[in-house]
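Novice: Questions regarding the structure given below will be posed in turn.
Only the coordinates and a few stated rules stand behind these numbers; no lab work does. Computed from a predicted model, the values in this text were never measured in an experiment. Positions of Cβ are generated from backbone atoms using ideal geometry, with glycine treated the same way; all protein chains shown enter the neighbour counts.
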Amino acid sequence: MTGASGGIGSALVELLRERGDEVIPVTRQPEKLAWAAPRLVVADLARPETIAAAVAALGAARLDGLVHCAGVIGLGSVADTTAQSWAQQLTVNLAGPAELTRAVLPALRAGRGHVIFLNFWVGPLAKPGWSAYAASKFGLRALADALRGEEERYGVTVSSIYPGCVATELQRSVREGFGVAYEPEAYIQPATVARLILTTLDMPSDARLTDLTVGMAPAARHG
Ligand SMILES: NC(=O)c1ccc[n+]([C@@H]2O[C@H](COP(=O)([O-])OP(=O)(O)OC[C@H]3O[C@@H](n4cnc5c(N)ncnc54)[C@H](OP(=O)(O)O)[C@@H]3O)[C@@H](O)[C@H]2O)c1
């Protein structure tokens, strides 16, 4: 999985390890994930061209799943969003996950595995200020949909999960960007999203959860 050091990712790691699953993080900062050594993939999603070699070094022949929990956000109007910010968000949130998926597909096919993409509940239209992040996530949906159609013949399942606001560092940076208070208790908790990811991974073979939207409960929104 990617994003194992993040808010949602670390909550998922806890659940998976609690029940005895082996978790292999894909991380640019292995020192943060000492528990996983030496079974981790050191790779920066901002440099997709390095990912295939890093995956090959792991030598995993069979995988049950690939969970994409990494992500970056950089909000701002189109007038203010630099080429660097566009490139970073489109690469880390979209091109990197595409390349990682490609690199592990043989092992996922061998394990009849499940690919999960953490998307974002944005609706059909991107709001002002969200262009680059929303573009990366709209693209991620296209990646997931195409992959699902291509890989079902190999027994690979693909799901996208679309949470609203989750109480993590990413959400803190969104709030700071808008100059409003970060109120973690008012948002969806990372452990809740982690449980939903687990439920999606564990679906019995007679059914598929392909797209799962996870909104905030009114009580959470209004305190
Ligand atoms: N929080 C929300 O409100 C929310 C809502 C909907 C969807 N999401 C999505 O959920 C996913 C997880 O978000 P989160 O809220 O848990 O974020 P987070 O706490 O900020 O964690 C982000 C994770 O992404 C990793 N990452 C960032 N840049 C990377 C790179 N270049 N290469 C490899 N890994 C990189 C970070 O690793 P390092 O430790 O190396 O920095 C970290 O593990 C993201 O895709 C996000 O878009 C979040």
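Novice: Just to confirm the filter: which trypsin sites (Lys or Arg not before Pro) across region 67-126 are DSSP coil and have at most 16 other Cβ within 10 angstrom of their Cβ?
Specialist: Qualifying residues, ordered by number: Arg112.
Novice: Taking θ as phi - 60°, what are the ³J(HN,Hα) couplings along region 169-183 by the Karplus curve (6.51, -1.76, 1.60), each to the nearest whole Hz, with x for Gly and Pro?
Specialist: Listing the rounded values in order: 4, 4, 5, 4, 5, 5, 4, 4, x, 8, x, 10, 5, 8, 10 Hz.
Novice: Turning to a different aspect of this structure: Ignoring everything except DSSP H segments at least 4 long, calculate the 222 nm mean residue ellipticity for the chain; use -39,500 (n - 2.57) per segment, divide by total residues, nearest 500.
Specialist: -12500 deg cm²/dmol
Novice: Could you tell me the relative contact order of region 7-222? Use alpha-carbon pairs under 8 Å, at least six residues apart, and round to a whole percent.
Specialist: The value is 22 percent.
Novice: OK, next. Starting from region 3-81, pick out the trypsin sites (Lys or Arg not before Pro) whose DSSP state is loop and whose Cβ has at most 14 other Cβ atoms within 10 Å. Each step should come with its number before you reach the end.
Specialist: Working: sites: Arg17, Arg19, Arg28, Lys32, Arg39, Arg62; in loops: Arg19, Arg28, Arg39, Arg62.
Those satisfying the criteria are Arg19, Arg39, Arg62.
Novice: Charges only on Cβ, +1 for Lys and Arg, -1 for Asp and Glu: so what's the dipole of the chain about the Cα centre, in debye to the nearest 20? Don't jump to the answer; show the numbers that get you there.
Specialist: Values: 20 positive and 21 negative charges, 31 e Å.
The dipole magnitude comes to about 140 debye.
Novice: Looking at region 1-116, I'd like the Rg to Rh ratio, where Rg is from alpha-carbon atoms and Rh is Kirkwood's inverse mean 1/r.
Specialist: 1.00
Novice: Can you give the local net charge around Val122? Use residues other than it whose beta-carbon is closer than 11 angstrom to its beta-carbon, Lys and Arg +1, Asp and Glu -1.
Specialist: Counting the neighbours of Val122, the net charge comes to +3.
Novice: Quick one: angle between helix 96-110 and the longest Cα principal axis of the chain, in degrees between 0 and 90, rounded to 10, please.
Specialist: So the helix axis and the longest Cα principal axis differ by about 30 degrees.
Novice: Given the chain, report the % of alpha carbon pairs whose separation exceeds 30 Å. Each step should come with its number before you reach the end.
Specialist: Values: 4944 of 24753 pairs.
That fraction is 20 percent.
Novice: Could I ask something else about it? Could you compute the FRET efficiency for Ala61 and Val214, with r as their C-beta to C-beta distance and R0 at 35 Å, rounded to 0.05?
Specialist: 0.55
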